[in-house]
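The values are calculated or read from the model by the stated rules, or taken from the named source; none is laboratory data. As the structure is a computational prediction, the values presented were derived from the model and not from experiment. With ideal geometry, Cβ positions are generated from the backbone for all residues, glycine too; neighbour counts draw on all protein chains shown. Accessible surface is based on the protein model in full, side chains and every heavy atom, while ligands, DNA and RNA are left aside. Shrake-Rupley method; radii C 1.70, N 1.55, O 1.52, S 1.80 Å.
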Amino acid sequence: MRDKRLQSKIVSEETAASWIENGMTLGLSGFTRAGDAKAVPSALVEIARQKELKVNVYTGASLGSDIDRLMAEAGIVHKRLPFQADKTMRNEINNGDLLFVDQHLSHTAESIRQDVLAPIDYAIVEAVSITEDGTIIPSTSVGNSSIFAEKADAIIIELNLSQPESLEGLHDIYQLQDQGNREPIPLRNVDDRIGTEGIEVDVNKIKGVVVTNQVDSPSTIVPPDKETALMAEHLVDFLRKEKDSGRLPRNLAPLQSGIGSIANAVFHGLLESEFTDLEVYSEVLQDAVFDLMDAGKIRFASGCSITLSESKLDHVYQNLEKYSERLLLRPQEISNHPEIIRRLGLIAINTPLEVDIYGNVNSTHVHGTKMMNGIGGSGDFTRNARISIFATKSIAKNGDISSVVPFVSHVDHTEHDVDIIVTEQGFADLRGLAPRERVPMIIENCAHPMYRKQLYSYYNDACERGGQTPHILENAFWHTRFQKKGTMLEKDIQLT
């Protein structure tokens, strides 16, 4: 802490948490278990055990250190946005015990800027350092921290001694002006630096500094398996064909990958490919990005957070200076901004819960009603990318659930925004295809063989009714069969 004016503002997490009152709105730093506020929210949970306390909680994305679980168990959350990934909180949301606003991750900052959301009383931001002039240097994520700090009435900084000081210099904080009075974002290349190295704030707004020493929670991703390896092969095969046709250069185009094990594993498949000099413009930089850097495959990576498994986290921290010339961390409204995504011409790779035979995608709701995590940034990238790819396994629950269905039970990404679907069975290129042309492409290349006859039977019957997009709505949702019989699979289907 290099700003001596703040020495007198060092307080315990219990003192900082005691300032938070019932009905307040908090903006917490953190994006996908990285760089999240840890100590003050934990202390707030303890206070809530003694008195009634309800707060609104805004974040960048999901939190680590079990903060979402602890807050959900304590019953202190009135409204949560824009993304979460905790089982306990998910159950509370689906039971109706707390409100959840599922937002595109690029939209939260705009909503705050427009005063659409409840004003933020406290921004609680993790930092690796505070400069001489009071600039906050974030740690392993930026997320929405900069807009929270700008718009909050007061700021609490968690100065985390466990985060390496060498993170300073990796951030590029660019703040947008109000809509209608905004210049184009001057970012033309993945490695362009257009902002400041930290979050510049009015030091008078900093009410307290809490010194902590707690590492980020490790990522929960699992290693690639046989199916994800096949998916990666199909993806590389598609990219190779795009390069050979002249539609992509030899180093492809800047890549984006969603969060989670499947996205990481599919990205990991590029290790065995011929593609080099790659660029990444994404939200979360997961293990595969650093594996590709170590292999000399990635030239530069721009993201919003660094979220790693435990072993990879240790490796990256110990070698951070080696990566520092090839990394930048930005606010999520910049990493996910449609203007930049379209300008750079990204290849977007995201993971759905299910897809349907026309190419619609459900990313959020299990069986149409139960929230999983949220749409996250997939919509930001899918609508605006050069090529929008969705990768998923073709079945789940040992085959009782088909990930390819007649009609998705909830639509997050319409058929108009989905270019490529990849499963372990193959890939379907939907570009330029009418709805009826898409159906055989998806069934033959993406659906599991055990479900193909059943899908064709549905489609053939639907064609009897006609329409641009044939459906039999009373039979379209296989999810009802699963809820009644425990499987989507119907025996002895006869093709008509």
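Side notes on the structure shown:
Residues are listed down the side, and each one gets a yes or a no for (1) in a loop (DSSP other than H, G, I, E, B); (2) touching a residue at least 40 places away in the same chain (Cβ under 8 Å); (3) in contact with a Cys (Cβ under 7 Å, 6 or more places away or on another chain):
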| residue | (1), (2), (3) |
| --- | --- |
| Gln84 | yes, yes, no |
| Asn91 | no, no, no |
| Leu105 | yes, yes, no |
| Ile112 | no, yes, no |
| Asp115 | yes, no, no |
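- The set of residues from the stretch 99-113 being more than 21 Å from Ser363 (Cα to Cα), surrounded by 19 or more Cβ atoms within 10 Å (Cβ to Cβ) and either of a type outside the set (Val, Ile, Thr) or within 18 Å of the chain's Cα centre (by Cα) (or both) comprises just one member, Ala109.
- Residue that is nearest to Thr32 (Cα to Cα), among those in the stretch 54-82 that are part of a loop (DSSP other than H, G, I, E, B) and open to solvent by 10 Å² or more (accessible area, probe 1.4 Å): Leu63
- For the stretch 276-288, the candidate set comprises residues that are among the hydrophobic types (A, V, I, L, M, F, W, C) and closer than 12 Å to Pro254 by Cα; within that set, the residue that is nearest to the chain's Cα centre (by Cα) is Val280.
- Any hit, the stretch 131-151, residues being within 23 Å of Pro82 (Cβ to Cβ), assigned to a loop (DSSP other than H, G, I, E, B) and without any contact (Cβ under 8 Å) to a residue 60 or more places away in the chain: no
- Where Ser302 falls short, out of the listed (1) closer than 23 Å to Gly374 by Cα; (2) assigned to a loop (DSSP other than H, G, I, E, B): (2)
- Residue in the stretch 287-310 that is in contact with a strand residue (DSSP E or B) (Cβ under 7 Å, 6 or more places away or on another chain) and of a type in the set (D, E, K, R) present: yes
- The requirement of being within 20 Å of Ala149 (Cβ to Cβ), open to solvent by less than 50 Å² (accessible area, probe 1.4 Å) and touching a helix residue (DSSP H, G or I) at 6+ places or on another chain (Cβ under 6 Å) is not satisfied by Ala34.
- Of residues in the stretch 456-481 being touching a residue at least 24 places away in the same chain (Cβ under 8 Å) and among the hydroxyl-bearing types (Ser, Thr, Tyr), the one surrounded by the most Cβ atoms within 10 Å (Cβ to Cβ): Tyr458
- The set of residues in the stretch 321-334 that are open to solvent by less than 10 Å² (accessible area, probe 1.4 Å) and hydroxyl-bearing (Ser, Thr, Tyr) contains only Tyr323.
- Among the candidates Lys484, Lys491, Lys453, the residue that is of a type in the set (Lys, Arg), part of a loop (DSSP other than H, G, I, E, B), open to solvent by 60 Å² or more (accessible area, probe 1.4 Å) and out of contact with any Asp or Glu (no Cβ under 8 Å at 6 or more places or on another chain) is uniquely Lys491.
- Test for Ile93: is it over 30 Å from Ser8 (Cα atoms), surrounded by 19 or more Cβ atoms within 10 Å (Cβ to Cβ) and among the hydrophobic types (A, V, I, L, M, F, W, C): yes
Condition check ((1) within 21 Å of Glu227 (Cβ to Cβ); (2) of a type in the set (Phe, Trp, Tyr); (3) open to solvent by 30 Å² or more (accessible area, probe 1.4 Å); (4) at pLDDT 95 or above) across all residues:
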residue: Pro406; (1), (2), (3), (4): no, no, no, yes
residue: Thr414; (1), (2), (3), (4): no, no, yes, yes
residue: Gly426; (1), (2), (3), (4): yes, no, no, yes
residue: Gly432; (1), (2), (3), (4): no, no, yes, yes
residue: Glu437; (1), (2), (3), (4): no, no, yes, yes
residue: Ile443; (1), (2), (3), (4): yes, no, no, yes
residue: Ala447; (1), (2), (3), (4): yes, no, no, yes
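- The stretch 295-310, subset at pLDDT below 95 and open to solvent by 10 Å² or more (accessible area, probe 1.4 Å), residue farthest from His234 (Cα to Cα): Glu310
- Among the residues of the stretch 461-474, none qualifies, meaning not one is hydroxyl-bearing (Ser, Thr, Tyr), more than 14 Å from Asn360 (Cβ to Cβ) and not in a helix (DSSP H, G or I).
- When residues in the stretch 305-332 are screened for being within 21 Å of Gln214 (Cβ to Cβ) and assigned to a helix (DSSP H, G or I), 10 of them pass.
- Within the stretch 18-26, one or more residues are open to solvent by less than 10 Å² (accessible area, probe 1.4 Å) and either in a strand (DSSP E or B) or under 19 Å from Ile130 (Cβ atoms) (or both).
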